[in-house]
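Working notes, beginning with the structure itself.
The values are calculated or read from the model by the stated rules, or taken from the named source; none is laboratory data. What you see is a predicted model; the values in this text were computed from it and never measured. Here Cβ is always computed from backbone atoms with ideal geometry, including for glycine, and neighbour counts include all displayed protein chains. Just the protein is used for accessible areas: all its heavy atoms, side chains included, with ligands, DNA and RNA removed. Shrake-Rupley method; radii C 1.70, N 1.55, O 1.52, S 1.80 Å.
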Amino acid sequence: MLQYVNVSINGAIIRAVKGNSILDTAIEYGICIPHLCHSRNLSDIGACRLCVVEHIVNGRSNITTSCTLKAEEGMVIRADTERVKKLRRNIAELLVAQAPNSRAIQDMAVRCGVKEVRYPFRNDDCVLCGRCVRACNELWKVHARGFVGRGKERHVDFPFGKRPDFCIQCGACIQLCPMTIVPCDGPMKSGEERLCGKCEAQLMISEDMPGNCTWCKLGESIACGRYV
Ligand code: SF4
Ligand code: SF4
Ligand code: FES
């Protein structure tokens with residue numbers, strides 16, 4: 001049987017299912033906490049760190065990822081402080097530098113208030129969010145993909161670099177990957193990468209109407225869960 005607890009998020013007292021993540025709880029109540037590696041039907045691994053919040057315990061504030069933080073009675077969470085926003089903005093900026101050709105990441109960066117990218121562009125093919133690995137392992141129990149290597153060498157691959165015969169070609173790994181949707185104007189040329197910012201208009205309209213979600217299209221398959 002579900003147990004409920006009272007949690008304060010951004011000053012609002014919310015009735016949350018005990019043990020559900022703070023991120024899922026916030027999404028359920030229409031509070032937007034930007035996130036990338038989280039996906040509704042997958043376990044959370046805290047990879048992207050975009051969903052950071054302040055968890056206040058006995059007057060002391062701890063920065064933590066809301067997708068891995070479980071709701072408990074009396075919790076006090078702030079997802080809207082300047083400290084959190086600055087941290088989140090920096091994480092989003094680093095992600096754009098890493099993957100400027102991802103529409104999902106461009107959308108997310110605008111959502112986080114990024115105005116410019118101060119880091120060198122890398123144009124990586126993958127941001128190591130682990131969505132594909134978890135989709136393969138948890139949705140289909142196929143285990144055809146996994147993380148390989150450590151540190152800078154870490155990447156996602158098939159065993160021995162080759163798609164195995166037991167891959168059922170379900171496509172979940174591609175659908176859930178934030179790299180699969182390119183910016184509206186198409187891929188950016190090397191040396192001309194930038195923050196696209198096209199989605200800013202949508203964001204401005206929404207923020208004129210408090211409480212309205214921008215319905216940011218985090219890649220066609222990466223809706224936050226509020227609208228699907
Ligand atoms: S297409 Fe293959 S590798 Fe991708 S999720 Fe499905 S089974 Fe796994
Ligand atoms: S391939 Fe895509 S889904 Fe998989 S870890 Fe990299 S960015 Fe994430
Ligand atoms: S969504 Fe929480 S760390 Fe990525």
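Taking the range 13-43 as the search range and keeping residues that are at pLDDT 95 or above and open to solvent by 40 Å² or more (accessible area, probe 1.4 Å), which one is farthest from Thr180 (Cα to Cα)? This residue is Ile13.
The set of residues from the range 121-142 being within 14 Å of ligand 3 (Cβ to nearest atom) and open to solvent by 30 Å² or more (accessible area, probe 1.4 Å) comprises just one member, Leu128.
All of (1) open to solvent by less than 70 Å² (accessible area, probe 1.4 Å); (2) modelled with pLDDT of 95 or more hold for Lys86 with one exception: (1). Among the residues of the range 123-131, is there at least one that is more than 16 Å from ligand 2 (Cβ to nearest atom), under 30 Å from Cys167 (Cα atoms) and not hydrophobic (A, V, I, L, M, F, W, C)? Within the range 123-131 (the criterion being more than 16 Å from ligand 2 (Cβ to nearest atom), under 30 Å from Cys167 (Cα atoms) and not hydrophobic (A, V, I, L, M, F, W, C)), the answer is no, since none of the residues qualifies. Taking the criterion of being in a loop (DSSP other than H, G, I, E, B), away from ligand 1 (no atom under 16 Å from the Cβ) and more than 17 Å from Lys85 (Cα to Cα), the residues of the range 41-58 that qualify are Asp44, Ile45, Gly46, Ala47, Asn58. Looking across the range 158-187, the residues that are farther than 24 Å from Phe121 by Cβ, outside any loop (DSSP other than H, G, I, E, B) and within 15 Å of ligand 2 (Cβ to nearest atom) come down to Gly161, Ala172, Cys173, Gln175. State all residues of the range 7-33 that are more than 11 Å from Glu72 (Cα to Cα), part of a strand (DSSP E or B) and either touching a residue at least 12 places away in the same chain (Cβ under 8 Å) or not aliphatic (A, V, I, L, M) (or both); if no residue qualifies, say none. Within the range 7-33, Ile9, Ala12, Ile14 qualify.
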